[in-house]
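Here is the structure we will look at, set down as structure tokens.
Values quoted throughout were computed directly from the atomic coordinates according to the rules given, and no laboratory measurement underlies them. Predicted, not measured: the structure shown is a model, and the values here were computed from it. Here the Cβ is made from the backbone with ideal geometry for all residues, glycine too, and neighbour counts use every protein chain on show.
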Amino acid sequence: MAKPDGDHATILKTENWRYAVQAYLASIAFADAQVGRLLDALDSSPHKDNTIVVLWGDHGWHLGEKHHWRKFALWEEATRAPLMIVAPGVTKPAVCRTPVDFMNIYPTLVDLCSLPAAKHCEGASLTPLLKDVDAAWERPAVTTHGRGNHAVRDPRWRYIRYEDGSEELYDHQQDPNEWKNLAGVEEHADVKRRLAKWLPTEEAPNAAFDQNLQEGGNQKAKKKSKQKAKGKAKQGQGKAKQAS
């Protein structure tokens, strides 16, 4: 999934690697400061003891690892994102190392608020982990990029299957940076089968998005055709003037 001839080649050519990392760190520092302002305001308000705080990011960020930049990948750097939950009367300061995914946020919130979860909800409440960071948790984290490309992550393994059927498998105990793809190693076939059971069996409909793309493409095509028509009209006027 890496594109060494894309962003990475541009970064190397322009010698901006150092500045790209610096800009990323500056962005993180700025966002952190804004979160601090928000939490300070909450702590000084009458709602601090009855407000659940959830902070998360929608993706990670590559800074040249695997010759890849930005997101748009299913590796650890792109899919590992912050998730922090503070629930008065439930949580205590702690770090949970269990991989979870963001489908669990909604069921967690309705659970903490003693509300019923929607029947179509596929996630599970994280409340057991909020109460005990070492609690048993059987669900791996599932991540999707585009259509047909999915990753499954448990505490030790990351399994990736792409739309074309190609696979990747990484052992985070031995290879936390995901350099060695073990998908073709027979002794790990059982690991692949176990994690593959969590892959989506059906792609969600995306009609609205596809329609917007199509409509956007049609509008661009119409705009181009109008521009061409105007250009031809101007050329015709120029020829008419020359003829007169």
Q | Residue list for region 9-36, filter: more than 22 Å from the chain's Cα centre (by Cα) and closer than 25 Å to residue 86 by Cβ | A | 33, 36
Q: Please enumerate the residues belonging to region 135-188 that are of a type in the set (S, T, N, Q) and closer than 30 Å to residue 205 by Cβ.
A: 143, 144, 149, 166
(Q) Given (1) of a type in the set (A, V, I, L, M, F, W, C); (2) part of a helix (DSSP H, G or I); (3) within 15 Å of residue 129 (Cβ to Cβ); (4) in contact with a strand residue (DSSP E or B) (Cβ under 7 Å, 6 or more places away or on another chain), identify the lone condition not met by residue 103. (A) (4)
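Can you tell me which residue in region 37-63 is nearest to residue 25 (Cα to Cα), limited to those that are assigned to a loop (DSSP other than H, G, I, E, B) and under 17 Å from the mean Cα position of the chain (by Cα)?
Within region 37-63, the subset assigned to a loop (DSSP other than H, G, I, E, B) is 44-52, 57-61.
Within this subset, residues satisfying the condition of being under 17 Å from the mean Cα position of the chain (by Cα) are 57-61.
Values: 57: 15, 58: 17, 59: 16, 60: 13, 61: 11 Å.
Here the answer is 61.
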Q) When region 106-126 is examined, which residues are found to be charged (D, E, K, R) and within 12 Å of residue 52 (Cβ to Cβ)? A) 111
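Rundown of residues vs (1) over 23 Å from residue 52 (Cα atoms); (2) surrounded by fewer than 18 Cβ atoms within 10 Å (Cβ to Cβ); (3) free of Cβ contacts under 8 Å to residues at least 40 places away in the same chain; (4) not hydrophobic (A, V, I, L, M, F, W, C), yes/no style:
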| position | (1), (2), (3), (4) |
| --- | --- |
| 69 | yes, no, no, no |
| 87 | no, no, no, no |
| 92 | no, yes, yes, yes |
| 95 | no, yes, yes, no |
| 101 | no, no, no, yes |
| 104 | no, no, yes, yes |
| 128 | no, yes, yes, yes |
| 132 | no, yes, yes, yes |
| 138 | yes, yes, yes, yes |
